[in-house]
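Visitor: Before anything else, here's the structure in question.
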Amino acid sequence: MKPALLTNNQRGVSLVEALVALAVMGIGMVGLVGVQSTLRSNSDVAKQRSEAVRLAQQEIEQWRAFVALAGPAGGTTYADLAEGTFTEAGILGSNASFTRRRSVAALGAPRSGKSVVVDVTWEDRSGETQRVSLATLIAGIAPELAATLSVPGDGDLLRQPQGRKRGIPVLAKDLGDGTSGFKPPGAAANVAWRFNDVSGLITLCTTSAASTADLTTGNIVCGGSTAMLLSGFLRYSTQANPAPSANDAANPPSPALSQPPLPSVDYIDSNGLSGNMSCVWQNTTIGATGYTSYFCAVPVVIVNPELPPSWSGTLRFADNPPTALAATLSENSAALYKVCRYHANAAYANIGGPQTNQNYLVIRAGNPATAETFTCPTSTFAHQPST
């Protein structure tokens with residue numbers, strides 16, 4: 001049987017099929033190029049968004065980490081966080097230019113703090129404006145007061161704050177030679193304390209510097225007197241009515257007395273040195289409330305450098321006219337005050353390092369109008385008078 005002969009109409013079929021296949025493949029490749037373009041664009045935006053989040057977080061954390069409510073130049077303070085809107089343009093990233101805008105507003109009374117909103121904007125490759133926004137609340141509370149009023153710090157950290165002995169004031173200036181300088185608030189203008197960064201031991205010094213930030217190794221003159229730090233805070237619940245409650249102890253509602261009870265330390269060190277040391281103090285206002293910070297340099301004598309010194313004793317408060325303390329627990333005069341402590345032990349024994357967060361609550365002695373005698377609220381202990 002003879003094979004069928006190809007007609008003219010059947011010639012070139014394979015070429016048409018190849019062209020169709022090539023067209024289909026071309027369409028697929030065009031689609032693939034589109035996908036790659038979209039992926040690249042999305043990758044760019046994701047990278048830009050990541051940088052924008054970092055810039056916003058950086059701004060927020062800078063303000064959340066303020067070192068004091070107010071103070072000299074050299075550290076971010078709460079007072080530096082001014083209300084209003086502040087814009088920083090032209091922040092260069094790896095593939096975009098960013099604009100960062102910070103908006104700050106004060107919280108309404110009785111809250112003490114500020115709301116902070118940080119917006120970061122930029123234009124992507126297609127010219128569209130992108131935006132990241134983060135918000136937070138920053139409490140107007142001194143860093144040293146955070147979570148320490150009712151529960152004093154205990155134990156040692158694996159990593160010491162700022163690489164030095166825990167208990168050295170956070171505002172003490174690193175002098176670069178293993179020591180830190182500090183001008184205690186309320187002390188004479190020429191007084192300075194020099195802390196050993198490892199032991200926390202104080203060397204008593206004089207200085208011509210006007211502030212802690214101005215201290216240098218060149219303007220401090222130290223003698224041979226040494227001491228250990230005892231410090232803390234007095235908070236106040238001095239309303240005449242009602243009697244202070246456990247909630248008042250946790251969140252003291254009153255401003256600091258202009259003449260707070262005066263702290264001093266009766267001490268005896270491990271080498272027999274004994275006496276009474278007056279402490280220095282400073283009042284700080286937080287909105288409608290406030291606190292008194294106090295600092296005591298308890299003298300100790302170093303006889304043998306191989307044997308660290310220690311001291312034992314008590315912290316007591318004295319009248320600071322017109323502020324006067326009740327003599328007995330039974331007194332209920334509105335003109336007298338009582339001092340409660342947040343920690344259980346009234347006395348200190350064999351103290352070998354800085355003692356911080358030794359905190360107290362000041363209340364009125366009572367309300368004569370209701371014949372009510374005020375006592376230290378739950379979670380605190382009667383300190384003065386104690387009987």
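Visitor: Looking at region 222-249 only, could you name the residues that are aliphatic (A, V, I, L, M) and in contact with a Cys (Cβ under 6 Å, 6 or more places away or on another chain)?
Guide: Leu230, the sole residue that qualifies.
Visitor: Sticking with this one: Looking at region 312-331 only, could you name the residues that are among the small types (Gly, Ala, Ser) and not in a strand (DSSP E or B)?
Guide: Those that are among the small types (Gly, Ala, Ser) and not in a strand (DSSP E or B): Ala326, Ala327, Ser330.
Visitor: Going by what's in this entry, would Cys340 be described as under 23 Å from Ala240 (Cβ atoms), in contact with a Cys (Cβ under 8 Å, 6 or more places away or on another chain) and assigned to a loop (DSSP other than H, G, I, E, B)?
Guide: no
Visitor: Of these, Pro305, Pro299, Pro377, Pro309, which one is part of a strand (DSSP E or B) and either assigned by TED's automatic domain parsing to the domain that holds Lys165 or of a type in the set (Lys, Arg) (or both)?
Guide: After ruling out the rest, the residue left standing is Pro299.
Visitor: So, Ala334, is that one aliphatic (A, V, I, L, M) and in a loop (DSSP other than H, G, I, E, B) or not?
Guide: Yes, satisfied.
Visitor: Looking at region 251-283 only, could you name the residues that are of a type in the set (Gly, Ala, Ser), under 29 Å from the mean Cα position of the chain (by Cα) and surrounded by fewer than 16 Cβ atoms within 10 Å (Cβ to Cβ)?
Guide: Result: Ser258, Ser278.
Visitor: Let me ask you something else. Looking for something in contact with a Leu (Cβ under 9 Å, 6 or more places away or on another chain), hydroxyl-bearing (Ser, Thr, Tyr) and in contact (Cβ under 8 Å) with a residue 60 or more places away in the chain - is there at least one such residue anywhere in region 237-250?
Guide: yes
Per-residue answers, yes or no, for (1) within 22 Å of Ala105 (Cα to Cα); (2) loosely packed, with under 11 Cβ neighbours inside 10 Å; (3) at pLDDT below 75:
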position: Ala21; (1), (2), (3): no, yes, no
position: Gln58; (1), (2), (3): yes, no, no
position: Arg64; (1), (2), (3): yes, no, no
position: Leu69; (1), (2), (3): yes, no, no
position: Gly74; (1), (2), (3): no, no, yes
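Visitor: Within region 354-364, can one find any residue that is modelled with pLDDT of 95 or more, of a type in the set (Phe, Trp, Tyr) and part of a strand (DSSP E or B)?
Guide: Yes, region 354-364 contains at least one residue that is modelled with pLDDT of 95 or more, of a type in the set (Phe, Trp, Tyr) and part of a strand (DSSP E or B).
Visitor: Hey, among Ala210, Ala246, which residue is out of contact with any helix residue (DSSP H, G or I) (no Cβ under 9 Å at 6 or more places or on another chain), farther than 30 Å from Lys338 by Cβ, among the hydrophobic types (A, V, I, L, M, F, W, C) and loosely packed, with under 14 Cβ neighbours inside 10 Å?
Guide: After ruling out the rest, the residue left standing is Ala210.
The values are calculated or read from the model by the stated rules, or taken from the named source; none is laboratory data. Everything numeric here is computed off the predicted structure, so don't read it as measured data. Every residue, glycine as well, gets a Cβ built from its backbone with ideal geometry; the counts of neighbours run over all protein chains shown.
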